[in-house]
Amino acid sequence: MKLSALNAGIVGVNVIVFSKGLLGCSIFSYNTAVVAFSITVVVMSIAAFFYGNYRLLFIHSIKDGFTMDQLKEPEDYVQALESYRNRLTFLKEINQAISQIERILRKKEVLDGVLYQNLKESAEDFNGLSQVVLDTNNLMYENIKKILCRLAIFDEAEYNKLKAAGKAKGGEQNNSYYAQYQLYQQHILYVKDLLEKNETILLEFDNLLIEVSKLGEQGGRGIAGLDSIKGTVIAMKKLRQGEDDISDLEQKYEK
């Protein structure tokens, strides 16, 4: 119905604007203002057609169809995040999460190459560090899943009503209003906190990349002799100790 309404609306606007029996505008008119208006209508119609149909056919179908179990590849996570772009409250956070995925893909690719070049003669060291990198990489995607859970249960329409009510009454609200509003604020802070944890993960990737790259500069010394690398590895492992509990409500959306 939305798809039909969108395209019928675009056609209807163009009929009204360009029909000789109605407005009778034309891009070939001798009137400069009419030409400018006609071109604007044509350009806006084309933009509305492609963007509107894309949103309705692809973005919403992703949102309605994906499950957490289907999130396997980085592209799956990006598509799932894209499906929530209509949550304007989280638009900045969604863009940041997508950027984090793109950044960790680049960092992991470079780090894997540097690890292989500098540790290929030591299978134990190579496998050990590779596993740390993989575990830390997976932790970031676990955080993205938690963000998606919060986006799924966040009622933006209700949140906007609460914000509007708060402004209308000058902040003087009852306990029920305050409790509801604080709950939504906790959702927002939780998402921001997960993104901050992901930034820490990305920073540790950078630290490890720098330290591993120094191996080649030091004549291929082993990991055991580099306290800086051991410290970074320990820091990456500790990232997994801060696991957050997910509420029962969130667990309903994990499947």
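The values are calculated or read from the model by the stated rules, or taken from the named source; none is laboratory data. Quantities reported herein were computed from a predicted structural model and do not represent experimental measurements. As a convention, Cβ positions derive from the backbone with ideal geometry for all residues, glycine included, and neighbour counts pool all protein chains shown. For the accessible areas, the whole protein counts, side chains as well, though only heavy atoms, and no ligand, DNA or RNA atoms are used. Shrake-Rupley method; radii C 1.70, N 1.55, O 1.52, S 1.80 Å.
Within region 94-109, can one find any residue that is crowded, with 18+ Cβ neighbours inside 10 Å and not in a helix (DSSP H, G or I)?
No, every residue in region 94-109 fails to be crowded, with 18+ Cβ neighbours inside 10 Å and not in a helix (DSSP H, G or I).
Filter region 1-15 down to the residues that are surrounded by 14 or more Cβ atoms within 10 Å (Cβ to Cβ) and out of contact with any Ser or Thr (no Cβ under 9 Å at 6 or more places or on another chain) and list them by number.
Let us first name the residues in region 1-15 that are surrounded by 14 or more Cβ atoms within 10 Å (Cβ to Cβ), namely 6-7, 10, 13-14.
Selection gives Leu6, Asn7.
Of all residues in region 148-159, count the ones that are without any contact (Cβ under 8 Å) to a residue 60 or more places away in the chain and either of a type in the set (Val, Ile, Thr) or assigned to a helix (DSSP H, G or I) (or both).
2
Can you pull out every residue in region 17-26 that is hydrophobic (A, V, I, L, M, F, W, C) and exposed (fewer than 14 other Cβ atoms within 10 Å of the Cβ)?
Leu22
Looking at Arg240, Arg221 in this structure, which one is open to solvent by 50 Å² or more (accessible area, probe 1.4 Å), modelled with pLDDT under 85, outside any helix (DSSP H, G or I) and touching a Leu at 6+ places or on another chain (Cβ under 8 Å)?
Values: Arg240 fails: outside any helix (DSSP H, G or I).
From the options Arg240, Arg221, the qualifying one is Arg221.
Looking at this structure, is Lys63 modelled with pLDDT under 80 and of a type in the set (D, E, K, R)?
So Lys63 fits the description; yes.
Picking from Leu129, Leu162, Leu134, which residue would you name as being open to solvent by less than 60 Å² (accessible area, probe 1.4 Å) and either modelled with pLDDT of 90 or more or within 30 Å of Leu209 (Cβ to Cβ) (or both)?
So the residue among Leu129, Leu162, Leu134 that is open to solvent by less than 60 Å² (accessible area, probe 1.4 Å) and either modelled with pLDDT of 90 or more or within 30 Å of Leu209 (Cβ to Cβ) (or both) is Leu129.
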